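The values are calculated or read from the model by the stated rules, or taken from the named source; none is laboratory data. It should be emphasised that the depicted structure is a prediction, and the values quoted were computed from it without experimental measurement. Cβ placement follows ideal geometry from the backbone for every residue including glycine, while neighbour counts extend to all protein chains displayed. All accessible areas refer to the heavy atoms of the entire protein, side chains included, with ligands and DNA or RNA removed. Shrake-Rupley method; radii C 1.70, N 1.55, O 1.52, S 1.80 Å.
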Amino acid sequence: MSSSNQTLPMYFILSGISNVPEMQLPIFLLVLLTYLLTLGGNMTIFLLVCLDDHLHTPMYFFLCNLSILDMSSSTVTMHRVFSSFITADTKISFWACMVQLYFFASFTSDELLLLTIMSYDRYMAICRPLHYHTVMCLKFCSKLTAICWAIGFLQVLPLVVMLSNITCFRTIEINHFFCDIMPLIRLPCGNISVLELYNFINGLILAILPFFLTFIPYIFIVTAILKIRSSTGRRKTFYTCSSHLTVIILLYTSLVCQYLQPESTSDQGSSKLYSLFNTAAVPLLNPLIYSLKNKDVKEALKRRRRLIS
């Protein structure tokens, strides 16, 4: 199946997380535990925001959407790892692969855009507090979130359509544990310059641009914090955006390690490790960061416990 005359394959073969047989069971158990904790943590955040009136604010509305994205992104990638281990079948149909690629790329783009909006929310809360409740009303936040979801799902579509229309692949073996864009884009035969160009432009628009739009508000936030005379006031103000800033740094660091390694020095083993961290660990750490560092979330948890008991 590695002939250059190969036509559209019926399926691809995923290599999995590790090729070492002795490591399969420990990795499976670790990933399964991480996934279950991810679902539990993010579902807790989601339910708290929905049920607790004190959390019906713009920041927690966005956090609720972030939890949905984390659960969805982790599920769309990890379910293949679990399925392959249980059935010992590493095949994935061509169209299932395209669907997995589409949803994973869409969820990732949605998360980057949502974090950009959340940085604007923190800017308004700290730098424009008198206008915050007027501007960041529920209707405006809902529109911003809907636009994020729509852009994320629409911008990935042309890339997936172009890839699904390719009829010649050098091999059906994907050296990865799920259908990600970088391993897939190296498989087609012939000239793929248009596909690579679109992927490059897409990355600039929905990764680099959100990166700058996310961190620009923090320039003004830091400036505003430094103007506060009281050290207690500075700590309290910075505390309100520290969780969001931690999540941003964590996500962008993992994405840079996953996608921006020079090809000449890129090691597929390390690439899988970064991908695993991004798809399994980051969705787990996000709710932990917001629950451990956020006073409002901890108070909401206490209120829920009192109601239950």
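Whole-Hz Karplus values for the stretch 13-18 come out as 10, 8, 6, x, 6, 9 Hz, taken residue by residue from phi with 6.51 cos²θ - 1.76 cosθ + 1.60 and θ = phi - 60°; glycine and proline positions read x. Here's how it looks for E173: its modeled amide H is under 5 Å from those of I13, which are all 5 or more places away or on a different chain. Going by alpha carbons, how many degrees (0 to 90, nearest 10) lie between the helix axis of 295-308 and the longest principal axis of the chain? Once rounded, one gets 90 degrees. Suppose the chain between R303 and H79 were pulled fully straight at 0.36 nm per residue; how much longer would it get relative to their current alpha carbon spacing? Difference between extended and current length: 77.2 nm.
Of interest is the spacing of the C-alpha centroids, which for the stretch 98-160 and the stretch 15-47 amounts to 27 Å. Angle, helix 193-203 long axis vs. longest principal axis of the chain, Cα atoms, 0 to 90°, nearest 10? The two axes meet at around 20 degrees.
The accessible area of E196, taken with all protein chains in place and a 1.4 Å probe, comes to roughly 90 Å². With contacts taken as Cα pairs under 8 Å and at least 6 residues apart, the stretch 170-301 reaches a relative contact order of 21 percent. Across the chain, Cα pairs under 8 Å and at least six residues apart give a relative contact order of 30 percent.
Using a Gaussian network model of the chain in which every pair of alpha carbons under 10 angstrom is joined by a spring, one finds that among T116, T253, T108 the greatest mean-square fluctuation is at T253.
For the chain, the Cβ-based charge dipole about the Cα centre amounts to some 1460 debye (Lys, Arg positive; Asp, Glu negative; other atoms uncharged). Rounded to the nearest 10 degrees, the inclination of helix 138-164 to the longest alpha-carbon principal axis of the chain is 10 degrees. Over the residues of the chain, the helix contribution to mean residue ellipticity at 222 nm works out to -25000 deg cm²/dmol, using -39500 (n - 2.57) for each DSSP H run of at least 4. Within straight-line reach of K295, meaning a Cα separation under 23 Å, sit the following lysines at least 8 residues removed in sequence or on another chain: K236. Straight Cα distances below 19 angstrom link K91 to the aspartates and glutamates E173, D180, with same-chain residues fewer than 8 positions distant left out.
Taking Lys and Arg as +1 and Asp and Glu as -1, the other residues whose beta-carbon sits under 10 Å from that of L187 total +1.
Cβ distances below 4.7 Å define possible disulfide partners, and in the chain the cysteines left without one are C50, C64, C127, C137, C141, C148, C241, C257. Would you mind classifying the stretch 157-202 by shape? Square roots of the alpha carbon gyration tensor eigenvalues, ordered a ≥ b ≥ c; an a/c under 1.5 is rounded, otherwise it is prolate if a/b is larger than b/c and oblate if not. Oblate, because a/c is 1.5 or more while a/b does not exceed b/c.
Computed with a 1.4 Å probe over protein heavy atoms only, the accessible surface of the stretch 94-223 comes to 46 Å² per residue. On the stretch 75-134, 67 percent of the accessible area sits on carbon and sulfur atoms, based on a 1.4 Å probe.
How about K302: which aspartates and glutamates have a C-alpha closer than 17 Å to its C-alpha, ignoring those fewer than 8 places off in the same chain? Those aspartates and glutamates meeting the cut-off are D52, D53.
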